[in-house]
Each structure stands twice: as C-alpha cells, then as structure tokens.
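A.B. asks: Below is a structure I'd like to ask you about.
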Amino acid sequence: MATTPKTLIGRAQELVTSTQVWKSVFRNRLPDDRRSRALVVLSNVFLHLHPVRIHKSGIRVKFTWCMGGLTFFFFLVLTFTGLLLMFYYRPTVAYAYMDIVDLAEQVPLGIMRELHRWSGHAMVITVWLHMLRVFLTGSYKPPREFNWSVGVLLLVLTLLLSFTGYLLPWDQLAIWAITVGSNMARATPLLGHEGPGSALLTLGDVPLITSGSDARFALLGGRFVGEGALLRFYVLHCVGIPLVAAILMAVHFWRVRKDGGISRPL
Amino acid sequence: MTDAKVDASSGGAAPPTTPVPSGKPGAFSRRTFMRWSIPTGWTAFTAACVSGLVATGRFMFPNVLFEPPQSFKAGRPDEYNVGEVDTRWVDSYGVWIVRDQTGFYALIATCTHLGCTPNWLATENKFKCPCHGSGFYRTGVNFEGPAPRPLERARIVLADDGQILIDKSVKYQQEKGDWEKPGSFLRA
C-alpha cells in the first residue's frame, strides 16, 4: 500500500480498512496475492466449505454439469421461499387449503408459492441429473464410495421433502396421493399391519401391530390421512427432514474435498 | 501404597505389584466401590438412554384419536330397505351396509387397489373408484379396473339392544373364503 501512489480510491480504501470495525470482521488484508486470497477462504465460515484451490477440471461444466451446485442452490431457494410461506400457511384441516388459495390470490407477490413449488420440482430433477453425472464419470468409485452413499441418503431425503410437501395444499390430489403413497407403509415387514411377519408380534391373543399401532399410523398420526397427518407432514417438511438434509449436505460437501476433490480422475 | 513404593525403589526392574486394598478384609474399600459403581452406573445410563428412546417413540402414538371409532351401532334392521346399498355411514365411518333378500353385509369403503374411497353409483349398480377406475359389483366383487381383489367386509352382528353392530377391526376377505364365516353376514 505504501509504495503505490495515493489515489483517491486508495486513500478511501485505506481509511475504511484501517477502522476497528473492518479489522474486527476481516482478519486478513485485502486479497491481492495468492496467500491473502487463500486466507480469505480459510478464515470465512461460509467460504471455508469450498476448497482454497481446485483443479482446473473442477470448473469445467462438461465435467460436473453444475448439477450438485444447482441442487444446493434450489435447496437455498426452497429454504427462503418456504420460510416466507410459513408466515401465511396454517397446517390445519380448516385453514390449509384456503391459505394456499390466499397465497396465490391475496398475498402480495403471489408467485411465492409457485417459486417454492417449481424449485421443488427442479431440485428433484437436478439431484437425479447430479446422480447420473456422478455415475457416468465413475465418481462413485473408491475412495468416493462413502460419499456416494451419503448422496443416496440425500436423494431419499429430497424425495421425502417432495412427498411431504405434496400433502400441504390439502386438495383432493394431495389427500389421495398421500393416501396411496402412505399405504405402502402398511406392507412394512414386521411393523406394518399388512406386512410380512407382523402377525407374529402378539401378546398372547392380542396382536401388537394393528391399523392403530403400525408404521403407517406413526407416519400419519391416525388411521387415515386427516388432521394428524397434515400436521406431522408439515413438521417433517419444514423442520425434520431439512435439518437432517442440512447435516448430511455438510458431510457431503466436506467429503467431496476430503475424497480427492470435485470431479477429476485420481 | 507405601509398600508398593518401597518395592519399586529397591527392586528397580521388579514389576509393579498390585496395591493391596486398604482397610480390613471385607471392609467397603475404594476398589469395591469402583467394581460395583462403574458397571452399575453404565447400566443405569444405558437403561436411561434406551427408555428415553422408547418414550420418544411412544410419544408418536397418541392415546386419544379424534377420528370415528372402528366399531359403531348402525340402527335397527328395519330401517334398511331390501335391495338397497345404504350410503348413510360412508362419510362418517367408511362403510356401506347392503340389504339383500336374505340379510345384511357391511362393505368397507376402501378400494383394494391403492386405498382410495370408491363411490356407489346407483344408476350403474356398481361401486366405482375415482382414483384409477376400479369397479365392484354390489356384492363387493371386483370386475373392472386395476383392483386385484374384492372389497373387504366388516363384522356385522346384532347387538343386545336389537341394533346392527359394525366392527371394522374385524375384516372378512372373499379370496380367503371369509365371506362364508358367521359375522361377515347378518341373516334377517
């Protein structure tokens, strides 16, 4: 700094960066060489998930299709728009459907719900394409096999987010789609009341696994898709599954770095 | 303690001897305390963790359900017209009561394809599911669409007070031969 001639911009910059407020936030000097650029990434909580240096193939679109990044982008969009929707939507049988109608017709910027819906569809599509790309480039092979497994869990969570969100509009399509979908849980081995082996779980003559105590009941909070199911799916959709997904995403991104970096031969 | 120290300093390479438990034999020593308290503590901790997990799982199964009971009284037999499929209990309990020439049977209004609720179409004399188009005769037997088996029947008996008693928790499936059993049919 001292060697460069004092321009107006240079002087203003010096003024700002010498304040205690600035220095308390940014511990290192401005990123004007390789070392300070690396330090910026290392010392920032948001940037540090990303590697300081990546191989040049890592930024080639043909290598990654950018699908993992886009999936994460849609997750962020969904988190933000979903949070906004929560200010208006009430997950009860009496209000749910009309609140969804109001979100389109009465609430300012009535496309917020559509943004959430379309981003949800897009996330499912990009996560599949991401998986396809990882498969085609053989990036599931050792030492990345653990991260592939984490990715499979994230795929399942993405589909579950989509499934739980499907019920919330509480229209005929939603109710019957979840009725049909959750009926699969009846056939859970041992824990579904129509599943194999559930008849073995008895206390004397009393069956333990009935339509009022099986896996589907735990999911729906009732014998059919009603008030309990709406509330449970809402809580799972807004808190439960996103929380688990966020933790697994942190592991997923971390392991991308630790297992040899993004999309390149090892 | 002192004994062990003396041994170690005089013998040099001698292996460290086990310290003798202090106090008189049979007294409650520190070692005895540890030998019992550590396993007991871990067992108690594990039990607490497991019971916490079980309690959390149990939390998801409510004690009171705000939904119609599985069993209900459906009025007196003479309130039903011969040859009619009665739809008065479908919305509340999900059951059709059919009165034919010889008696009554109760069909559970759940499609055997994927679990939607079919409609009774009186003009076409059939049950028709709106989800995927499965059709059932008034007996409950499937004849069109993807449904793989007939509708299930619920237990139907006469209660002591002369009313019809329906119990949905007892089901009779035609393909298992259950429709021959008493309880699947109520003779008038």
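A.B. asks: Mind checking whether some residue in region B:120-139 is in a loop (DSSP other than H, G, I, E, B), within 14 Å of chain A (Cβ to nearest Cβ) and of a type in the set (S, T, N, Q)?
C.D. replies: Within region B:120-139, the first condition is being in a loop (DSSP other than H, G, I, E, B), and the residues that meet it are B:122-125, B:129-134, B:137-139.
Applying the additional criterion that residues be within 14 Å of chain A (Cβ to nearest Cβ) yields B:129-134.
Applying the additional criterion that residues be of a type in the set (S, T, N, Q) yields B:134.
Yes, region B:120-139 contains at least one residue that is in a loop (DSSP other than H, G, I, E, B), within 14 Å of chain A (Cβ to nearest Cβ) and of a type in the set (S, T, N, Q).
A.B. asks: Examine region A:112-134 for a residue that is at positive phi and more than 14 Å from chain B (Cβ to nearest Cβ), and state whether such a residue exists.
C.D. replies: Step one: list which residues in region A:112-134 are at positive phi, which gives none.
No, the conditions are met nowhere in region A:112-134.
A.B. asks: Which ones in region A:42-52 are part of a loop (DSSP other than H, G, I, E, B) and either loosely packed, with under 12 Cβ neighbours inside 10 Å or at pLDDT 85 or above (or both)?
C.D. replies: Pass one, region A:42-52, residues part of a loop (DSSP other than H, G, I, E, B): A:43-46, A:50-52.
Once the filter is applied, which keeps residues that are part of a loop (DSSP other than H, G, I, E, B) and either loosely packed, with under 12 Cβ neighbours inside 10 Å or at pLDDT 85 or above (or both), region A:42-52 yields A:Ser43, A:Asn44, A:Val45, A:Phe46.
A.B. asks: Can you tell me how many residues in region B:100-120 are surrounded by fewer than 20 Cβ atoms within 10 Å (Cβ to Cβ) and farther than 21 Å from B:Pro148 by Cβ?
C.D. replies: Within region B:100-120, residues that are surrounded by fewer than 20 Cβ atoms within 10 Å (Cβ to Cβ) and farther than 21 Å from B:Pro148 by Cβ number 4.
A.B. asks: Right, here's the next one. Could you please tell me which pairs satisfy a Cβ distance under 8 Å, a separation of 6+ or placement on different chains, a first residue in region A:50-63 that is closer than 13 Å to A:Gly260 by Cα, and a second residue that is outside any helix (DSSP H, G or I) and modelled with pLDDT under 80?
C.D. replies: Pairs found: A:His55/A:Arg264; A:Ser57/A:Ser263; A:Ser57/A:Arg264; A:Gly58/A:Ser263; A:Gly58/A:Arg264.
A.B. asks: Any chance you could count how many residues in region A:245-266 are assigned to a helix (DSSP H, G or I) and either more than 20 Å from A:Thr158 (Cβ to Cβ) or touching an Asp or Glu at 6+ places or on another chain (Cβ under 7 Å) (or both)?
C.D. replies: Filtering region A:245-266 down to residues assigned to a helix (DSSP H, G or I) leaves A:245-258.
Then drop every residue that is not either more than 20 Å from A:Thr158 (Cβ to Cβ) or touching an Asp or Glu at 6+ places or on another chain (Cβ under 7 Å) (or both), which leaves A:257-258.
Qualifying residue count, region A:245-266: 2.
A.B. asks: Hey, among the residues in region A:222-235 that are surrounded by 18 or more Cβ atoms within 10 Å (Cβ to Cβ) and touching a Pro at 6+ places or on another chain (Cβ under 7 Å), which one's farthest from the other protein chains (Cβ to nearest Cβ)? Write out each step before concluding.
C.D. replies: Initial filter on region A:222-235 (surrounded by 18 or more Cβ atoms within 10 Å (Cβ to Cβ)): A:222-225, A:228-230, A:232-234.
With touching a Pro at 6+ places or on another chain (Cβ under 7 Å) added as a condition, the list becomes A:230, A:234.
Details: A:Leu230: 13, A:Tyr234: 15 Å.
Only one residue tops the list, namely A:Tyr234.
A.B. asks: Same structure again: For A:Gly151, are the conditions met, namely being in contact with a His (Cβ under 7 Å, 6 or more places away or on another chain), surrounded by 15 or more Cβ atoms within 10 Å (Cβ to Cβ), assigned by TED's automatic domain parsing to the domain that holds A:His252 and farther than 19 Å from B:Gly57 by Cα? Reasoning before the result, please.
C.D. replies: Working: in contact with a His (Cβ under 7 Å, 6 or more places away or on another chain): yes; surrounded by 15 or more Cβ atoms within 10 Å (Cβ to Cβ): yes; assigned by TED's automatic domain parsing to the domain that holds A:His252: yes; farther than 19 Å from B:Gly57 by Cα: yes.
Against the criterion (in contact with a His (Cβ under 7 Å, 6 or more places away or on another chain), surrounded by 15 or more Cβ atoms within 10 Å (Cβ to Cβ), assigned by TED's automatic domain parsing to the domain that holds A:His252 and farther than 19 Å from B:Gly57 by Cα), A:Gly151 qualifies.
A.B. asks: Let me ask something additional. Give the residues of region A:247-260 that are over 19 Å from the mean Cα position of the chain (by Cα) and closer than 13 Å to A:Lys141 by Cα, sorted by residue number. If you could, list the steps in order and put the result at the bottom.
C.D. replies: We begin by selecting, within region A:247-260, every residue over 19 Å from the mean Cα position of the chain (by Cα); these are A:257-260.
Scanning region A:247-260 gives A:Asp259, A:Gly260.
A.B. asks: May I pose another question? In region A:157-214, how many are away from chain B (no Cβ under 14 Å), within 24 Å of A:Leu230 (Cβ to Cβ) and assigned to a helix (DSSP H, G or I)?
C.D. replies: 11
A.B. asks: Then there is this: Collect the residues in region B:73-98 that are on the phi < 0 side of the Ramachandran plot, within 14 Å of another protein chain (Cβ to nearest Cβ) and not polar (S, T, N, Q), keeping them in residue-number order. Walk me through it before giving the result.
C.D. replies: Within region B:73-98, the subset on the phi < 0 side of the Ramachandran plot is B:73-74, B:76-82, B:84-93, B:95-98.
In the following step, the residues that additionally are within 14 Å of another protein chain (Cβ to nearest Cβ) were identified as B:90-93, B:95.
Selection gives B:Val90, B:Asp91, B:Tyr93, B:Val95.
A.B. asks: While we're here: Please name all residue pairs, on different chains or six or more residues apart, with Cβ atoms under 6 Å, provided the first residue is in region A:218-245 and is within 27 Å of A:Ser149 (Cβ to Cβ) and the second residue is surrounded by fewer than 16 Cβ atoms within 10 Å (Cβ to Cβ).
C.D. replies: A:Ala218/B:Met60
The values are calculated or read from the model by the stated rules, or taken from the named source; none is laboratory data. All values reported here derive from a predicted model rather than from experimental measurement. Heads up, the Cβs are rebuilt from the backbone with ideal geometry, glycines too, and the neighbour counts pull from every protein chain shown.
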